[in-house]
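The values are calculated or read from the model by the stated rules, or taken from the named source; none is laboratory data. Owing to the predicted nature of the structure, the values given are computational and were not obtained by experimental measurement. Ideal geometry is used to build each Cβ from the backbone, glycine not excepted, and the neighbour counts take in all protein chains shown.
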Amino acid sequence: MRKIIGIVRTYFQEHFSLQYFLPVALFTAILISLNYYLNFEEHYITYEQNNLKRFLLYCSMYFLSFGGAYFLYLFDKKSRVIIRNPKLWALIAFTVLIFSFRWWYYQYNQIVYAHVPILYQNIVIKYIVNLSGFIWLFIPCWVYWFWFDRKQQPIYGFHAKGVTLRPYFILVLLMLPLITAAATQRDFLDTYPRMFHTGLLNNNLTNRLLNFGYELCYSIDFVNTEFFFRGFLILGFSRFVGAKAILPMCVFYVAIHFEKPLAETISSFFGGWLLGILAYETKSIYGGIIVHLGIALLMEVVAIAAHSFYSI
């Protein structure tokens, strides 16, 4: 833990700018307030029937969040020069497009509906959704790395040399009281455990195996998410902006939580900030994978226990 505290202290001493943080914090608060007041993503994007409009709405929401956070460097006199770099904005546009496409593309649903028994359609679609990040995010980022960054660094964040992992397990354990407290809230229990949303709650062997497979795919998606947000969005962007890539990543990370419970969305900013600092300073995402995946699985276990308790 002492090493993690030292890394965070170094970040605040060398890279933190209050002139930038305050506008970003206000911007993030406005985005969160508007989304939860209007239920924006669910009402205006998720169920939009026009495919092109739905894709453009995803692009707009993520560009506003991610590109808007970079644009706010105008408030920081020492850093505003970075937003004049056209290569940075090209990379921002590339990032928004591939991420929006990942959430927009759902044509595989038709194949599932045509060939999978109705009882298993929901869980098969959830398998695909959780594994699709590898195709639509990891592979394009790998191609970018191969062409532009492979001589400068390993594939974003997959670096373990000199990284101490024990403190990250301690961080996961420290989250247990907070997760336990969250498990008393209705919106948390409506969302977790994710396994309860597969539609396969009969406790036979087939359903248990399929639900276990879902949890495995769910876990893989967290590895891919950590690669994209703490790997690509920080270590890929750092060649243009250095540590200034961290806070824009946090705003983008908040935006992908807009259909989650409000407390989780708010905490994603601070959790993403901490993991981003650690990834930038260590050049590794392994610690972030431990924390992110550990907390996610802990939420599943605590939620299952809470549902069992409240059903008594």
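Some points to look at:
- Taking segment 164-216 as the range and being farther than 13 Å from I304 by Cα and of a type in the set (S, T, Y) as the test, the residues that pass are T164, Y168, T198, T206, Y214.
To keep it simple, each residue is scored yes or no on (1) more than 14 Å from the chain's Cα centre (by Cα); (2) over 17 Å from F21 (Cβ atoms); (3) surrounded by fewer than 19 Cβ atoms within 10 Å (Cβ to Cβ).
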| site | (1), (2), (3) |
| --- | --- |
| M249 | no, no, no |
| E259 | no, yes, yes |
| E264 | no, yes, yes |
| F270 | no, no, yes |
| I277 | yes, no, no |
| M299 | yes, yes, no |
| A306 | yes, yes, no |
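- Annotation note: of P86, P117, the sole residue that is farther than 24 Å from R194 by Cα and out of contact with any Ser or Thr (no Cβ under 8 Å at 6 or more places or on another chain) is P86.
- Options L209, L201, L247: the member that is at pLDDT 85 or above and either farther than 21 Å from S267 by Cα or not in a helix (DSSP H, G or I) (or both): L209
- Filter result for N207 (surrounded by 12 or more Cβ atoms within 10 Å (Cβ to Cβ) and touching a Ser or Thr at 6+ places or on another chain (Cβ under 8 Å)): no
- Among the candidates F21, F12, residue that is surrounded by 12 or more Cβ atoms within 10 Å (Cβ to Cβ) and assigned to a helix (DSSP H, G or I): F21
- So Y73, is it at negative phi and either surrounded by fewer than 16 Cβ atoms within 10 Å (Cβ to Cβ) or touching a His at 6+ places or on another chain (Cβ under 8 Å) (or both): no
- Looking only at residues in segment 160-196 that are in a loop (DSSP other than H, G, I, E, B) and under 19 Å from the mean Cα position of the chain (by Cα), the one that is surrounded by the most Cβ atoms within 10 Å (Cβ to Cβ) is Y192.
- Among residues that are under 22 Å from D221 (Cα atoms) and either out of contact with any Cys (no Cβ under 8 Å at 6 or more places or on another chain) or not in a helix (DSSP H, G or I) (or both), G157 is included.
- The helices (runs of 4 or more DSSP H) found wholly in segment 25-127 and carrying at least 3 residues that are touching a residue at least 40 places away in the same chain (Cβ under 8 Å) and of a type in the set (G, A, S) occupy 51-71.
- In the set L298, L278, L274, only one residue is touching a residue at least 24 places away in the same chain (Cβ under 8 Å), under 24 Å from I125 (Cα atoms) and of a type in the set (A, V, I, L, M, F, W, C); that residue is L298.
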